[in-house]
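Contents: one structure, followed by commentary.
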Amino acid sequence: MKRLITLLAAGALLAVPAGRATAQVRAVGDLAPVVTVPDLDGKPVRVGAAIGQRPALVEFWATWCEICQALLPRMVAAHQKYGDRVDFYGVNVTVNESRARVKRYIAEHHLPFVPVYDEKGVAVRAFGAPATSYIVILDKTGHVSYIGSGADQNISAELAKVVGK
């Protein structure tokens, strides 16, 4: 029952209309918006700020997301291989989360991205994230080159396509 409530709450958050976003990612080839979301200390982070210079990977995740946990080894491997050439952002969707819980989780699991705490759903709406484990990869021009979800995503292969561009 708790899992059902969590999924319903996540669905309610993610179903918020994109009215305030200047653009919304809908498909590969779209130009991604640069959004500002607070980090875990409340300081603003411009997700995608290096557009024009570097590719970026944006993962929408939560501490309770089992698929995100299963995806973590692939994220770590991709970061080890491409972290010096690609910006990695982890957008915590904040459903059933507190900043303290997210901070503890990150410290314990050494997540390979710049974490942001999307309590207002700014990034969720702008990127049209339908669920957790949702990944969007942007080329250095800010265009979406990959959209996917689930534990079996081949992140390294997708990043290889944008690193050489």
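Where only DSSP H runs of four or more residues are counted, the chain gives -10500 deg cm²/dmol as its mean residue ellipticity at 222 nm, each run worth -39500 (n - 2.57).
Accessible surface of the chain, 1.4 Å probe: 55 percent of it comes from carbon and sulfur atoms. Taking every alpha-carbon pair in the chain and binning the separations at 5 Å intervals from zero gives 2, 9, 20, 24, 23, 15, 6, 1, 0, 0 percent. So what's the net charge close to R99: Lys and Arg +1, Asp and Glu -1, counting the other residues with Cβ under 13 Å from its Cβ? Charge balance in the 13 Å sphere: -1. Provide the net charge surrounding G148, with neighbours chosen by a C-beta distance below 15 Å and charges set as Lys +1, Arg +1, Asp -1, Glu -1. Around G148, the surrounding residues sum to -1.
Total Lys pairs in region 45-165 closer than 30 Å by alpha-carbon, pairs eight or more apart in sequence or interchain only? Value for region 45-165: 9. Computed with a 1.4 Å probe on the full set of protein chains, the accessible area for H79 sits at about 70 Å². Please give the charge dipole size of the chain, origin at the Cα centre, charges +1 on K and R Cβ atoms and -1 on D and E Cβ atoms. Round to the nearest 20 debye. Using only the charged Cβ atoms, the result is roughly 160 debye.
The values are calculated or read from the model by the stated rules, or taken from the named source; none is laboratory data. Note that this is a predicted model, so its numbers are computed, not measured. Neighbour counts are summed over all protein chains in view; Cβ atoms, including those assigned to glycine, are modelled from backbone coordinates with ideal geometry. Remember, those area values only see protein heavy atoms, side chains included, never the ligands or the DNA or RNA. Shrake-Rupley method; radii C 1.70, N 1.55, O 1.52, S 1.80 Å.
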